[in-house]
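Novice: Sending over a structure as structure tokens; questions will come in a sec.
The values are calculated or read from the model by the stated rules, or taken from the named source; none is laboratory data. Model, not experiment: these values are computed from the prediction. In this analysis, Cβ positions are derived from the backbone assuming ideal geometry, glycine residues included, and neighbour counts consider all displayed protein chains.
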Amino acid sequence: RFAGAIFAGDGRLLRHRALARYTTRRGQGGAQSALDASGKKVSSVGSTLRRHGERALADDVRALLAEWRADLGACALVAVACAKALRPLLFGG
């Protein structure tokens, strides 16, 4: 999941977007990429859908940030809360 919002200096909401994709293993409490990183490569249809969902979510977030580039550049403060998997996307790491 990803949620973002941009507020004006007076507190008015300028932009907001929430994005969600199927990326977590129901009942297992973690992303498919976390299971893959542990060395347990699963090749079920569900795991394939979750991997695709993770890639699609990252693409959606990239597109959103590109769309918001001008507004983000004008911000004095940016607060971020995100999953570990999205940190490299947001911070270039």
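Novice: Scan the stretch 51-75 and report the pairs whose first residue is within 26 Å of Ala8 (Cα to Cα) and whose second residue is of a type in the set (Phe, Trp, Tyr), with Cβ atoms within less than 7 Å and a gap of 6+ or a chain change.
Specialist: The qualifying pairs are Val61/Phe2.
Novice: If Asp71 passes every condition in (1) over 10 Å from the mean Cα position of the chain (by Cα); (2) at pLDDT below 80 but one, which one does it miss?
Specialist: (2)
Novice: Can you work out which of the residues in the stretch 24-52 that are touching a helix residue (DSSP H, G or I) at 6+ places or on another chain (Cβ under 8 Å) and at pLDDT 75 or above is farthest from Phe2 (Cα to Cα)?
Specialist: Per the criteria, the residue is Ser47.
Novice: Right, something else. Could you check Arg21 against (1) part of a helix (DSSP H, G or I); (2) at pLDDT below 85 and say which number it fails?
Specialist: (1) is the only condition that Arg21 fails.
Novice: Now for a separate question. Assuming Leu86 fulfils every condition listed in (1) part of a loop (DSSP other than H, G, I, E, B); (2) modelled with pLDDT of 75 or more apart from one, which condition is it?
Specialist: It fails just one condition, (1).
Novice: Next question. Collect the residues in the stretch 57-73 that are among the hydrophobic types (A, V, I, L, M, F, W, C), over 16 Å from Gly92 (Cα atoms) and loosely packed, with under 15 Cβ neighbours inside 10 Å, keeping them in residue-number order.
Specialist: Hit for the stretch 57-73 is Ala70, nothing else.
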